[in-house]
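Trainee: Sharing a structure below in structure tokens format, with a few things to ask.
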Amino acid sequence: MALAMSAGLLLSACDGGEGPTEPPTTGTVTSESTTPTEVTTEPSDIPTPPEVEAPTPAPEAAVDDHIGAIWAARYFMDLYTYMRQTGDTTQFEAMSAPECEFCASSIENVVEIHEEGGWVEGGELVFDIDEATANYPTADEPNYVVQFTVTEQPSTIHAGDGTSDARPGASGDVQVGLQYVDERYVVFGVNFG
């Protein structure tokens, strides 16, 4: 039984809002006298995303046991942050099962933000790996279920039109359901609450 994402808390607020598909550089504003006035947005005023290094999984994340599952969940959280900041969904998608609703929704939101010329600053997910726990798979629950408390750092969603939306940080309990398939971990669900 795969875990499903619950509504509300933490990572659910990751949509980019509505905006133009390309950043505008000039526009027209009409004054009361109906005389058009050209307004120019300088490209240097629009922030650009910094270079972000792709996360690397710990060696433990390649082992089929509860410790490996915890480290794989840590890597998945790092991939989530990296994906949002860069728009590169490749590694996150490779670790996501088709059944994972949270995964699909996260990818869709990231693609929308970045296709419109936007990006996400901050929003790192922090948790103490030593305090995480994992339940072994059973007949009723085929996933390792990794549980931990995570803190999402404040973030800013920069839209392609130069506007930005600051988001406060948040904390909450998270469960990640993973299976060890073909010598690697695959995420089947993420639950916040």
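Trainee: Give, in nm to one decimal, the length gained when the segment between Ala58 and Ala139 is fully stretched (0.36 nm per residue of separation minus the Cα-Cα distance).
Mentor: Working: separation 81, 0.36 × 81 = 29.16 nm, distance 2.84 nm.
26.3 nm is the gain from fully extending Ala58 to Ala139.
Trainee: Give the shape of the stretch 68-161 as rounded, prolate or oblate, defined through the alpha-carbon gyration tensor: a ≥ b ≥ c are the square roots of its eigenvalues, a/c under 1.5 means rounded, and otherwise the shape is prolate if a/b is larger than b/c and oblate if not.
Mentor: oblate
Trainee: Now, a different point. Can you compute the modelled spin-label distance between Gln147 and Thr163, with each label point 7 Å from Cα toward Cβ, in nm?
Mentor: Each label point lies 7 Å from its Cα, and together they span 4.1 nm.
Trainee: Something else: Charges at C-beta only: +1 for Lys and Arg, -1 for Asp and Glu. How large is the resulting dipole of the stretch 63-106 about its Cα centre, in Debye rounded to 20?
Mentor: 200 debye
Trainee: Right, something else. Counting Lys +1, Arg +1, Asp -1, Glu -1, what net charge surrounds Glu121 among other residues with beta carbon under 12 Å of its beta carbon?
Mentor: 0
Trainee: Filter the GluC sites (Glu not before Pro) in the stretch 78-158 to those in DSSP coil with at most 13 other Cβ atoms within 10 Å of their Cβ, and list the result.
Mentor: none
Trainee: Using +1 on the beta carbon of Lys and Arg, -1 on that of Asp and Glu, and nothing else charged, what's the dipole of the stretch 41-116 about the Cα centre, debye to 20?
Mentor: With Lys and Arg at +1 and Asp and Glu at -1, about 240 debye.
Trainee: Can I ask one more? At a Förster distance of 41 Å, what's the computed FRET efficiency of Asp173 paired with Glu51, Cβ-Cβ distance as r, to 0.05? Write down the numbers at each step before the final one.
Mentor: Values: r = 33 Å, r/R0 = 0.80.
So the FRET efficiency works out to roughly 0.80.
Trainee: Now a separate question. Taking all protein chains together and a probe of 1.4 Å, list His66, His114 from the most accessible to the least accessible. Please list the in-between numbers first.
Mentor: Numbers: His66 65, His114 45 Å².
So the residues, ranked largest to smallest area, are His66, His114.
The values are calculated or read from the model by the stated rules, or taken from the named source; none is laboratory data. Just so you know, these numbers come straight off a predicted model, no measurement behind them. Cβ atoms come from the backbone with ideal geometry, glycine included; neighbour counts cover every protein chain shown. Quick note on the areas: whole protein, heavy atoms, side chains included, nothing else; ligands and nucleic acids left out. Shrake-Rupley method; radii C 1.70, N 1.55, O 1.52, S 1.80 Å.
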